[in-house]
Amino acid sequence: MGAPLNPRRAAHLEMVGGKGGRQRLWEAIRKKRDDFTVIDVAAKADTDIDTAKTYLRSLTKAGIIEVIQEASGHTEKRWKLAVDKGIEAPRLTRDGKPVTQGLANESMWRTMRMIRDFTFHELAALSSSSEVTVAPETAKAYVKHLSAAGYLITVTKGHGKGAGGIPTRYRFNPSRNSGPRPPMIQRTKTVYDPNLGKVVWQEEPDHDC
């Protein structure tokens, strides 16, 4: 059993910052967009040069940014933004390929905020696409934790199990629409919301064990 953390309880569990270095770099790139250097965006994003170089290299390989001036002597290499992917930082490998890990949660988070109500089966089906397949069990686990954390409201309580069972129907709680990034279910059985930069729910320990 668990419950949403109240502000006092959440204080010692809060993680540092709601935005990672990659997201801050991407926001800096979008602001500079037509002409920037590694130093420009690293300073704006408050990240180290090596982190900025790695991300810019990935973005370049993906064709999202383009070199407009090569480094020469005391002149730094300069880039421009070629393809604006929106507010969310592109998640790429070092080779510029899209990172697929976490896509299921992103798709479910986006879908549940758009549709009126749903069961975990419906959420899995509606969140699947040519880019990502969401298994019903994955949706079931995600819905269970988000419901416990207060992100979902129960419309009708399910009953029974297996083929003859009726699954619980949920709808998204609009007051918990914290932002575009999906809450993460962590191994420690906590829910971390990257939009808020903190743990918002944790499973209470079983003191009977």
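Worth a mention:
- Ordering of 177-188, 34-45, 19-30 by burial proxy (mean other Cβ atoms within 10 Å per residue, highest first): 19-30, 34-45, 177-188
- Cα coordinate range in the stretch 21-81, projected on the principal axes (Å, largest first): 28, 23, 19
- Each listed q (0.26 Å⁻¹) maps to a log10 I(q)/I(0) for the stretch 123-180, found by the Debye formula over equal Cα scatterers with no solvent: -1.20.
- Counting only Cβ charges, +1 for Lys and Arg and -1 for Asp and Glu, the dipole size of the chain around its Cα centre is about 320 debye.
- Semi-axis lengths, Å, the stretch 101-203, gyration tensor of Cα atoms, sqrt of 5 times eigenvalues: 20, 16, 13
- Compactness check for the chain: Cα Rg over 2.2 N^0.38 Å is 1.24.
- Relative contact order (%) - the stretch 101-203, alpha-carbon pairs under 8 angstrom, separation at least six: 24
- Net charge of neighbours whose Cβ lies under 9 Å from the Cβ of residue 154, counting Lys and Arg as +1 and Asp and Glu as -1: +3
- Environment charge at residue 34 (Cβ cut-off 13 Å; Lys +1, Arg +1, Asp -1, Glu -1): +2
Read-outs throughout are calculated quantities, based only on the coordinates presented, and are distinct from any laboratory measurement. Everything numeric here is computed off the predicted structure, so don't read it as measured data. Backbone-built Cβ (ideal geometry, glycine too); neighbour counts: all protein chains shown.
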